[in-house]
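A quick write-up on the structure given underneath.
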Amino acid sequence: MKLTIDHKSPVPLHIQAEELLRGIIADPQYANGKLLPNEVDLAKQLAISRTTIRQALNKLVYEGLLIRKKGIGTKVSGTSVSSKSNNWLSFSQEMKARGIPIKNFELHISWVLPDETVTNFFEISKDKKILKLERLRGKPEGPFVYFVSYFHPRVGLTGEEDFKRPLYEILEKDHLVIANLSQEEISAKAADKFIAAKLEVEQGSPILFRKRFVFDQGERPIEYNLGFYRADSFVYTVESRRE
């Protein structure tokens, strides 16, 4: 693959380098595990500094598209899906933005009496039924995440909505509820029999467990969400910036 950069273009060099690298990622030979050219060779071929090419590589490593191993090299990350905690989007919106096709394997809607944890979060009576949404989702070849969501009655969901649409699009466009703040807790745990069956892993296998607490613009709770992710198919990245 011949790589070139237009040094007369107003587009910054690191942006051009990033786009070239995205093209490499899409190349079947690299998608199948071939190591990318090293920084020195890439910089020489493109006639740019190593700092510039490293900036582009770091961006794609951060996005979860590339994996860099010291002493080995850089390669395409393969089947792992990456999610970032900043620039928060719904799962559907984020996967669409990353060009990852998502399939819904199961979708269940029910009205349930909330347990104490959900009751306390929503600050509602425990004898009032709320909407529960369960979704098994993943790539076309298999599921990698099981979501359970509970919604505050104030939101106004009826259960008749088309939940194949992005969730927060439904809330905003159909119910004028804007999801504005997400607080999350992330931990590792062993898959119980139920989750193992859903995610098609062995019981006791490690999974990523995430609790998400969602609030509207007035910082009122609107959703309590639990996510169970296959550990071998999902990477969760966090960005922190010092003020």
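Here are a few things to note about the model shown:
- Residue in the range 217-224 that is modelled with pLDDT under 90 and not in a loop (DSSP other than H, G, I, E, B) present: no
- Residues of the range 196-208 classified as more than 19 Å from the chain's Cα centre (by Cα) and either among the hydrophobic types (A, V, I, L, M, F, W, C) or in a strand (DSSP E or B) (or both), total: 3
- Residue check, Lys164 modelled with pLDDT under 90, within 24 Å of Leu208 (Cα to Cα) and touching a Leu at 6+ places or on another chain (Cβ under 8 Å): yes
- Residue check, Tyr229 farther than 24 Å from Ser125 by Cα and either out of contact with any Ser or Thr (no Cβ under 9 Å at 6 or more places or on another chain) or surrounded by fewer than 13 Cβ atoms within 10 Å (Cβ to Cβ) (or both): no
- In the range 16-27, the residue that is nearest to Ala56 (Cα to Cα) out of those that are touching a residue at least 12 places away in the same chain (Cβ under 8 Å) and of a type in the set (A, V, I, L, M, F, W, C) is Ala17.
- Looking across the range 28-54 at every residue that is free of Cβ contacts under 8 Å to residues at least 24 places away in the same chain and of a type in the set (Lys, Arg), the one that is farthest from Ile67 (Cα to Cα) is identified as Lys44.
- Members of the range 101-116 that are among the β-branched types (Val, Ile, Thr) and modelled with pLDDT of 90 or more: Ile109, Val112
- Considering the range 126-138, and only residues there that are of a type outside the set (A, V, I, L, M) and at pLDDT 90 or above, the residue that is farthest from the chain's Cα centre (by Cα) turns out to be Asp127.
- Under the condition of being part of a strand (DSSP E or B) and either touching a Cys at 6+ places or on another chain (Cβ under 7 Å) or not acidic (Asp, Glu) (or both), the residues counted in the range 104-154 number 27.
- Among the residues making up the range 142-188, none is touching a Pro at 6+ places or on another chain (Cβ under 9 Å), surrounded by 15 or more Cβ atoms within 10 Å (Cβ to Cβ) and free of Cβ contacts under 8 Å to residues at least 60 places away in the same chain.
The values are calculated or read from the model by the stated rules, or taken from the named source; none is laboratory data. Note that the structure is a prediction, hence the values are computed from the model and not measured. Because the Cβ atoms are built from the backbone with ideal geometry, glycine has one as well, and the counts that use them run over all protein chains shown.
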